[in-house]
Each structure stands twice: as C-alpha cells, then as structure tokens.
1. Any idea which of (1) closer than 22 Å to PHE324 by Cβ; (2) out of contact with any strand residue (DSSP E or B) (no Cβ under 9 Å at 6 or more places or on another chain); (3) away from the ligand (no atom under 14 Å from the Cβ) is the one LYS237 doesn't satisfy?
2. Given (1) buried (at least 21 other Cβ atoms within 10 Å of the Cβ); (2) more than 15 Å from the chain's Cα centre (by Cα), where does TYR211 come up short, assuming only one miss?
3. Do the conditions hold for ASP187, that is, is it acidic (Asp, Glu), more than 15 Å from the ligand (Cβ to nearest atom) and assigned to a loop (DSSP other than H, G, I, E, B)?
4. State all residues of the stretch 305-327 that are over 25 Å from PHE239 (Cα atoms), in contact with a Cys (Cβ under 9 Å, 6 or more places away or on another chain) and either small (Gly, Ala, Ser) or not assigned by TED's automatic domain parsing to the domain that holds ILE37 (or both); if no residue qualifies, say none.
5. Given PRO120, PRO145, PRO101, which one is crowded, with 20+ Cβ neighbours inside 10 Å, in contact with a strand residue (DSSP E or B) (Cβ under 8 Å, 6 or more places away or on another chain) and closer than 23 Å to GLN373 by Cβ?
6. Restricted to the stretch 267-315, and to residues that are acidic (Asp, Glu) and over 15 Å from TYR325 (Cβ atoms), which residue is surrounded by the most Cβ atoms within 10 Å (Cβ to Cβ)?
7. On the given criteria, is LEU309 within 25 Å of the chain's Cα centre (by Cα) and in a loop (DSSP other than H, G, I, E, B)?
8. Just to check your reading of the model, which residue among LYS82, LYS54, LYS105 is outside any strand (DSSP E or B) and within 16 Å of the ligand (Cβ to nearest atom)?
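The values are calculated or read from the model by the stated rules, or taken from the named source; none is laboratory data. Source: prediction; values computed, not measured. Cβ: placed from backbone, ideal geometry, glycine included. Neighbour counts: every protein chain shown.
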Amino acid sequence: MKLADRIQHLGTETVFAVSAAATARAQQGYKVYPFHIGDIDLPTPPTIVAAQAKAIAEGKKGYCPPEGIRPLREALADDVGKERNLQYRAENVAIQPGGKPVIGKFLQTLMNPGDEVLCPSPGFPIYESQIEYFGGVCKHYRFVPTGSGFAVDFDYLKSLITPKTRFLIFNNCQNPTAAESDQAEVDALADLAIKHNLWVLSDEAYTELRYDGKKTCYLSAVPGMQERTVILYTFSKKFAMTGWRLGGAIGPEPLIKVMSQLNLNDESCTTQFVQWAGVEGLRNSDTLIYVKQMMGTLQQRRDVGYDLLNSISGIKCHKPENAFYLFPDVTDAMTCKGFTDVNAFATAALENASVSFATRKHFCRPLPGETRQYVRLSYSGISAENIREGLGQLKAWIES
Ligand SMILES: Cc1ncc(COP(=O)(O)O)c(C=O)c1O
C-alpha cells in the first residue's frame, strides 16, 4: 500500500504501547501496577455528570456551532480571564474535543513548511509529531535539574533561535518533569518571544493542578503576550474528564475564527451535551469542592510515591508541586541491574515487578549529551495502597 508521503512524518504517543504491554501482562493473570498513563481514576464532579444527563434529557444532542456553544465560550472566557487577570470574550474561544486538538490546529493555522518551532524535550510527544507532520522543524529545548526539580535551560533555548524561528511551545507545570517557571522566568520568556516576534502556544493543561494552593505564573498573562499567545485549555485533567473530550483554544479572534473553520472541516462541532456539562463545571462553584478533594487524594498518592521511590537504592526523585507525575533519575538503579537502555529497564520492571511506567524516551527525541536516565510514573490512575504495593515490588526487584 502506498501511503501519502506526509504520513511518514506523523508521530505517535508511544506510551500507549506501554499501556498495551501492561494490559497483556494483566491478561496473563498478573496484578499490574499502572503508573504509565496520565488518566484519572477519580470520578468527574457530580455537578458535571448531572448537567450532562440533563442536557441529553433536554434533547441537546444535535450539531451546534463549530466554534462551540456560546454559553461555554463565555464561561471559558470568564474563567480563563479571571485566573490570569486578562480580558477575554466568547470570540476569543474555540471549543475543541479536548486539549490535544489545539496543538495541530494552532500549527495548521500559523505554521509554514520550514518554520522552526521551539518545543520542549522531554515534552508532550504530540508537539513533535504535529510540527513534523505539518512540515515544520522541531528545535528542542531542554531542562536542567535544580536540586528541587527541573528548570528550562534558558541559555540553551536562546541559542536555538535563528531567523527561521517563529514559534515557542511552552508547557508550564510541565509533563513529564513538573518544571514550573516563576515570574522572573515567564517574564524572560515573554521578552524573548516579543523580541523575536514569536507566536506562543501556551499549553496550560496542568496549570490549575497545584498542591500548595498558589497560582501558577502564566506566560500568557505577561503584558504584550495576550496578542501573540494561544492558550491550550482542557477539562481533561482538572475535572477528571479525559474521555469526555472537552477543551478549548483561547487566543486572538482572527486566529480563533480560522481554528473554528478547521473544526467545521474536521469534526463539525464538539459534542453538544458535553459542552453543556462543561458550562456547569465552570459556572457552579460546587465543582471546585470536588476538584479540591481530588487534589487532596492526588497529594496523598504523591507523598506515598515520593517517599517510596527515594527509599529505593539508585533512584532519586524530586517532589512535584503540580500535576501528577513523578520523574525520578534511575541511572544508578539501571547500572546496578545491568541496563543501559531505559526502555529495556522499563520492560524488565514490568516483567519482574509488574510495575508499568513510561520513560524519558516516550517524551520526544532525547537530545545529544543526555547522560542521566529518567522514567515517568503517573499516580493519577492508581490508589495509594497499590502505589505502596507496586513500588514495594519494584524496590524488591531492584535491590535483589
Ligand atoms: C501537556 C499536555 N498537553 C495536552 C494534553 C492533552 O490533553 P487532552 O487532549 O486529554 O485534553 C495532555 C494529555 O496528557 C498533556 O499532558
């Protein structure tokens, strides 16, 4: 079969292969400890569930505008604006079936073949896939360990800029490192974007999932950025709604119009009754009570996972202050077990301890000069008890 040439540039989320391997092992009768995927096993807030049932009962099941129903666009404009201290209107919002579609639509709207895009590595792999699929060039920037976490290697990022650089993709509260930029760093990134006239995709999938209750410093909120930034917003993580598929692009009106035209071409519209549920999620303050409970549960899991990982010989892990990913350095544990390839180490961990996790290699191409090996353990889909049990087995295997 002769496929279109461009298909060879389309990447994937290779962590789904880890998921398949975990399922295969479970089918062999093993109890598998699932740390591989960023799905959430906690319930969607009842306010949202009830609103969806009501919307269906009321017959809100047909096509709706490609850019989304007006009440949801207004609610999202208000909510995102309030959190970031910015003014947005419904016209700045294009509702999407999840956050992921914002990436491709942003690039299709603005990027020409050969344009260079600054994007994180490790980082969400769909950036790399979509940039290359649409003919752009990934210029991966990197992170450095700080002792208490990771930070953008700013000098390295600056060194990647050429006259062809047109975009910056930035993901504060980052998947997978949990790196979080403070105000000074987002200011410096904003200066850079303005100086080099870059468009910015600000992936804010996790920015409202903070454990200390403090607000994130938003690149999108720095003066001069609103007009050059598209925000990727998603209901998936904050409201435990990964499979519902609801998100949005928030940005300058002319871009939003084109992105909505892409919606019309691709999906016609985002599922209508899911959008009505989203309105309730944003407008009913009770929803936040459930989000707070969810964060409490995730924090408890994080603490259990953090303590146990650090008790394993050859593993070092920082404590993430956001999202739900632990990103430990496993170099010494690998050496001790005789591994040089981190994916082979992960496969052996599944075979010997039934613990399933992703590795740095699942998050964009590794960069030259990387010497340390990392894995990512998500604790969003596993109970504290199973974290204890699973990491206990991992420890027993590594230390045997
Ligand atoms: C950094 C980041 N951005 C975007 C997404 C997309 O989320 P969704 O399409 O489920 O809303 C994810 C999902 O894991 C993510 O980790």
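1. (3)
2. Answer for TYR211: the failing condition is (1).
3. When the stated conditions are applied, ASP187 does not pass them.
4. Answer for the stretch 305-327, where residues must be over 25 Å from PHE239 (Cα atoms), in contact with a Cys (Cβ under 9 Å, 6 or more places away or on another chain) and either small (Gly, Ala, Ser) or not assigned by TED's automatic domain parsing to the domain that holds ILE37 (or both): SER313, GLY314.
5. PRO120
6. Selected residue: GLU280.
7. The answer is no for LEU309.
8. Exactly one residue qualifies, and that residue is LYS105.
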